[in-house]
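To start, the structure itself, in structure tokens.
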Amino acid sequence: MPDAFMEKTTEPTDIRTLVLRGLPIILGDNPTDFYKAGFDTDDEDSFRDIDIGILLVEHEGAGPSSSLHRSPASLKIILEGQVVIDNIQDLPKAMFILFGLTYALHLNYPNSMMLTFQFIQKVLLTLGQDELKPRLQTLKNQLTM
């Protein structure tokens with residue numbers, strides 16, 4: 001089990017980060033094409049193929065970090081292969097800024113994170129009147145117990 005899960009933390013941002021990293025896994029989404037890791041010296045062409053995602057940036061030469069990247073040097077939001085916002089402090093802020101942009105601009109949710117975005121929209125933010133998919137309803141029921 002990764003050390004990040006073994007460490008106990010009471011820091012709200014760390015807890016939110018772990019929840020946002022674990023939610024796609026619980027829902028059966030594939031976050032590997034959504035959360036991308038890179039270095040601050042990487043060429044911007046390295047993420048041109050990403051339609052929607054969050055780039056977790058580490059300083060070149062920094063010590064080894066957790067595979068979960070709980071505290072990257074900075075975060076960048078990528079839409080259609082372009083960085084639209086950078087220097088975001090933490091993953092929860094980046095995720096909800098990206099969700100807001102996606103929702104406000106009527107962009108399609110990324111296929112690899114569809115259930116995660118629907119969960120944020122319909123359960124956490126109670127936006128929309130659609131019936132929940134069974135997986136989302138099950139998780140909602142488990143969280144309300």
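General observations
- Members of the range 23-38 found to be over 19 Å from Ile77 (Cα atoms) and free of Cβ contacts under 8 Å to residues at least 24 places away in the same chain, listed by number: Ile25
- Scanning the range 90-127 for residues being surrounded by fewer than 11 Cβ atoms within 10 Å (Cβ to Cβ) and of a type outside the set (A, V, I, L, M) gives a total of 3.
- Among the residues of the range 19-62, the one identified as among the small types (Gly, Ala, Ser), closer than 23 Å to Asn108 by Cβ and touching a strand residue (DSSP E or B) at 6+ places or on another chain (Cβ under 6 Å) is Gly53.
We did not get these values from a lab; they are worked out from the coordinates using the rules stated. All of these numbers come straight from a predicted model, not from anything done at the bench. Don't worry about glycine lacking a Cβ; one is built from the backbone with ideal geometry, like all the others, and counts go over all protein chains shown.
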